[in-house]
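The values are calculated or read from the model by the stated rules, or taken from the named source; none is laboratory data. Just so you know, these numbers come straight off a predicted model, no measurement behind them. Note that we place each Cβ from the backbone using ideal geometry, even for glycine, and neighbour counts take in every protein chain shown.
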Amino acid sequence: MLGLVSSYGVIIDIVMIMYILPYMVKMDVTIQVRIDERTKRAAQRTLQEMGLDVSSAVKLFLKNVVITESIPFDVRTKNGFARFQEERMIAETEDAARGGKAYANYREMVRDL
């Protein structure tokens, strides 16, 4: 690969693919993101502990979007559910309210099970 000769040929190939080649690609597009100062600073601190800057983290995110063809993490509502799960629960609750079985108390419900 790229004319490199070494007794560690495989290792050099991996290093080239993972670390050197990405920087040989011309980076000529800028992305601007608006975010509140508090979130930015908190993210910078966290990323710095991981040895990354914000720009590198965004590049990693976008590369993973391309690789997985999806958002590379679960997107959840404030209730901790995926959006489709929450929508399904709301629909089931509304269906039950319209025509579901009603019980006067807990014991009555348990007897029906």
Q.
Conditions first: (1) farther than 30 Å from Lys26 by Cα; (2) surrounded by fewer than 11 Cβ atoms within 10 Å (Cβ to Cβ); (3) among the charged types (D, E, K, R). Glu69 passes all but one, so which condition is the exception?
A. (1)
Q.
Tally up the residues in the stretch 71-111 that are modelled with pLDDT of 90 or more and within 24 Å of Ala57 (Cβ to Cβ), please.
A. 0
(Q) Take Glu37 and tell me if it is over 19 Å from the mean Cα position of the chain (by Cα) and modelled with pLDDT of 90 or more. (A) yes
